[in-house]
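Student: Sharing a structure with you now.
The values are calculated or read from the model by the stated rules, or taken from the named source; none is laboratory data. Since this is a predicted model, take the numbers as computed values, not measurements. As a convention, Cβ positions derive from the backbone with ideal geometry for all residues, glycine included, and neighbour counts pool all protein chains shown. For the accessible areas, the whole protein counts, side chains as well, though only heavy atoms, and no ligand, DNA or RNA atoms are used. Shrake-Rupley method; radii C 1.70, N 1.55, O 1.52, S 1.80 Å.
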Amino acid sequence: MSGALQGKIALVTGGTRGIGRAVVEALAAAGASVDFTYLSSAQAAGEVEAAIAAAGGTAAGHQADAASSAASLTVVEAVLKQHGRVDILVNNAGITRDNLLMRMSEDDWDRVMANNLKSVFNFTKAVCRPMMGQRSGKIINITSIVGLTGNAGQANYAASKAGIIGFTKSVAKELASRNIQVNAVAPGYVETDMTRKLTPEQTKALTDLIPLKRTARTAEIAAVVRFLASSDAEYITGQVIRVDGGMSM
Ligand code: NAD
């Protein structure tokens, strides 16, 4: 495959479905060799590898819990052993455990923080040394507009996504002198397994709030990630790019 990311080595967390899978596909289609992590389904990972290979690209899955710093380090070490470098990191893995604060358990809070925010720390820390050595790198963190606006019933999720935004800006400042760009993409409402948990009434109420009057396709989020990963985005860092059909303007 040839494209804007020809020869680049990319790593995507949570790459077997939803937005993560669309990101793996988009980066591979642009020519990158893509390593991705998955939490549990080796079969789903194998399907992604096969689909990318059938399309003429390269992708390899690694089982790893992104909330584990040891597992994150092991994956990055494997990528470095295989390719000798890592050019692009996309921190995509995330979960929801929604509830009103009064009913939210400590476990709901801790799990969302570990899976959504600590995972970003884990992988970013693991790649930053090799990227600093290379004097180049692109780190793209998937946050949410909920991290900007807040959302009733999602105090844990919104806090984790707002945390990603603060982390993105801080690390962008730390790594700018080494030519490493760090940005966040904030999707609005994307149809994936995560949002399929909503009732038809909730989905309609949300869609009514979107000026473009439709939900996003996963490929529309992936396209912005691909742009931020490319040399066209060399002068963009520390930004939060909303991809939400105008929902949060
Ligand atoms: P999804 O549930 O379809 O996919 C999430 C992926 O992350 C899954 O593959 C899951 O296995 C993986 N994952 C979760 N925790 C993990 C962990 N600890 N280690 C490894 N993998 C893990 O959801 P999605 O909608 O594709 O969400 C992807 C990202 O986009 C998430 O960060 C989510 O918060 C964000 N997002 C989604 C929407 C939306 O409307 N769907 C909106 C804004 C932001």
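Student: How do the pairs read when you match residues in the stretch 58-79 that are more than 13 Å from T124 (Cα to Cα) with residues anywhere that are among the aromatic types (F, W, Y), using Cβ under 8 Å and keeping only pairs 6 or more apart or on different chains?
Tutor: From residues that are more than 13 Å from T124 (Cα to Cα), the pairs are A59/F36; A60/F36; G61/F36; G61/Y38; H62/F36; H62/Y38; Q63/Y38; A64/Y38.
Student: Suppose we keep only residues that are within 15 Å of the chain's Cα centre (by Cα) and of a type in the set (V, I, T) within the stretch 85-98. Which one would you say is nearest to the ligand (Cβ to nearest atom)?
Tutor: I95
Student: Could you tell me whether L89 is within 24 Å of T58 (Cα to Cα) and either surrounded by fewer than 22 Cβ atoms within 10 Å (Cβ to Cβ) or touching a strand residue (DSSP E or B) at 6+ places or on another chain (Cβ under 8 Å) (or both)?
Tutor: yes
Student: When the residues of the stretch 1-18 are narrowed to those that are near the ligand (Cβ under 9 Å from one of its atoms) and in contact with a strand residue (DSSP E or B) (Cβ under 6 Å, 6 or more places away or on another chain), which ends up most open to solvent (accessible area, probe 1.4 Å)?
Tutor: T16
Student: Give the stretch 99-126 a look and list any residue that's within 12 Å of the ligand (Cβ to nearest atom), open to solvent by 30 Å² or more (accessible area, probe 1.4 Å) and touching a helix residue (DSSP H, G or I) at 6+ places or on another chain (Cβ under 6 Å), or say none.
Tutor: Residues satisfying the conditions are M113, L117.
Student: Could you grab the pairs with beta carbons closer than 7 Å, sequence gap of 6+ or different chains, first residue in the stretch 205-226 and free of Cβ contacts under 8 Å to residues at least 24 places away in the same chain, second one open to solvent by 50 Å² or more (accessible area, probe 1.4 Å) and part of a loop (DSSP other than H, G, I, E, B)?
Tutor: Hits for this filter: T207/K213; T207/R214.
Student: Follow-up question, since we're still on this one. Within the stretch 47-57, how many residues are over 19 Å from V76 (Cα atoms) and open to solvent by 30 Å² or more (accessible area, probe 1.4 Å)?
Tutor: 7
Student: I95: buried (at least 21 other Cβ atoms within 10 Å of the Cβ) and either among the charged types (D, E, K, R) or at pLDDT 95 or above (or both), yes or no?
Tutor: no
Student: While we're here: Quick check: anything in the stretch 28-39 open to solvent by 10 Å² or more (accessible area, probe 1.4 Å), aliphatic (A, V, I, L, M) and closer than 24 Å to K161 by Cβ?
Tutor: Yes: the stretch 28-39 contains one or more residues that are open to solvent by 10 Å² or more (accessible area, probe 1.4 Å), aliphatic (A, V, I, L, M) and closer than 24 Å to K161 by Cβ.
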